[in-house]
Amino acid sequence: MSEQQRGQVPYAQLGRQVQELEQTVATLQQLQAEREEFIAYVVHELRTPITFLAGYAELLLANEFGPLNDSQREALQALFDKAEALIHLISRLLAWQDIRARALDATPVQIEEIVSLAVRSAKAVAQQHNIKLSMQVDNPPLPPVLADPDRVGQILDNLLSNALKYSPGGGEIIVHLAREEDAIRCSVSDQGIGIPPKALKHIFDRFYRVGGTPAHGVPGLGLGLTIVREIVNAHGGHIGAESTLGKGSTFYFTLPLASQPSAQFSTTHPAQSAAEESL
Ligand code: ATP
Ligand code: MG
């Protein structure tokens, strides 16, 4: 009895099917790359005119073109706020594209310096919101980590921006650095609104926002923490969050020490490690 008669797929036919499948996968990957390139192009081209709109609205609001009456001011403020929201959205999408397209540029770095810069940049906003922002380092100086400084800056900017955004009642934000075996652990703690236990496991998911959109009336896209997770994973670190609803949250991540022989990065682009997700 032949293979076919026994109901088995002949070897040659199986080979053809594998080949067809491989071709389909290659075509899909090509389409995916084209789609991402198109999105990156559109998003990039939108940035300039929208920034221009926001700039003019700001000048008008500052009475640079003469005094405004109340209804003109109100309309312009609405225009300015919407333009700002679009700029935020565009910068998020560009950051997301960037981590997918550009590999890490890793070097031994003093993480204290990056954290201190991020904390200094966030100080003005913290003051505006009546929030005390400080940095604590256990047993300084800490050994260097093997990391891409720009990307680590992105992690901190995102975590600090969240801590500030989701602390409407003020309070304190502490950025803490400590050595943990073969890594440095960095945490950002706030005394903000907190996250319900059920939502905590989803907060790193793409476009996820607690309570839908906009979360608690705070503008955002739900991409910040996804970007943070991609960057930390690409460095071979760990990330997590703890929170008590109404009391506050702590987000932490680790980065491997530069002296660690096991310190290694994903050789692919960061986002490819996350199951080839796309926008
Ligand atoms: P964006 O893309 O502009 O960062 P976002 O801040 O909404 O928008 P993420 O930073 O990814 O998105 O955060 C996802 C969600 O997790 C937020 O919408 C918010 O509901 C919740 N969250 C994040 N950080 C905190 C925090 N420190 N305290 C309370 N909730 C938080
Ligand atoms: Mg955010």
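Remarks
- Filter result (under 22 Å from the mean Cα position of the chain (by Cα), farther than 30 Å from GLN77 by Cα and exposed (fewer than 13 other Cβ atoms within 10 Å of the Cβ)) within the range 33-61: ALA33, ARG35, GLU37, PHE38
- Residue that is touching a strand residue (DSSP E or B) at 6+ places or on another chain (Cβ under 9 Å), among the aliphatic types (A, V, I, L, M) and within 16 Å of ligand 2 (Cβ to nearest atom), where the choices are LEU177, LEU159, LEU142, LEU133: LEU159
- Comparison of ALA95, ALA103 shows that the only residue that is touching a Phe, Trp or Tyr at 6+ places or on another chain (Cβ under 9 Å), closer than 30 Å to LEU255 by Cβ and surrounded by 14 or more Cβ atoms within 10 Å (Cβ to Cβ) is ALA103.
- Any chance ALA95 is within 24 Å of the chain's Cα centre (by Cα) and among the small types (Gly, Ala, Ser): yes
- Residue in the range 167-186 that is under 30 Å from ALA40 (Cβ atoms) and of a type in the set (Val, Ile, Thr) present: no
- Every residue from the range 162-174 that is away from ligand 2 (no atom under 15 Å from the Cβ) and either modelled with pLDDT of 95 or more or within 20 Å of ILE231 (Cβ to Cβ) (or both): GLY171, GLU172, ILE174
- Of everything in the range 162-186 that is closer than 19 Å to ALA258 by Cα and in contact with a helix residue (DSSP H, G or I) (Cβ under 9 Å, 6 or more places away or on another chain), the residue that is farthest from ligand 1 (Cβ to nearest atom) is ILE184.
- Boolean, ASN139 is within 12 Å of ligand 1 (Cβ to nearest atom), in the same structural domain as ILE193 (by TED's automatic domain parsing) and either surrounded by 20 or more Cβ atoms within 10 Å (Cβ to Cβ) or farther than 18 Å from GLY224 by Cβ (or both): no
- Residues being within 16 Å of ligand 2 (Cβ to nearest atom) and farther than 24 Å from TRP96 by Cβ - total across the range 193-210: 2
- Just one of the listed residues (ARG120, ARG92) is outside the structural domain of ARG35 (by TED's automatic domain parsing), among the basic types (Lys, Arg) and in a helix (DSSP H, G or I), namely ARG120.
- Any hit, the range 203-212, residues being modelled with pLDDT under 95, closer than 26 Å to GLN127 by Cα, basic (Lys, Arg) and assigned by TED's automatic domain parsing to the domain that holds GLN128: yes
- The residues of the range 105-140 that are in contact (Cβ under 8 Å) with a residue 40 or more places away in the chain and within 14 Å of GLY171 (Cβ to Cβ), listed by number, are ALA126, HIS129, ASN130, ILE131, LYS132, LEU133, SER134.
The values are calculated or read from the model by the stated rules, or taken from the named source; none is laboratory data. Everything quoted here is computed from the prediction, not taken from an experiment. Counting neighbours? That spans all protein chains shown, and the Cβs are built from the backbone with ideal geometry, glycine included.
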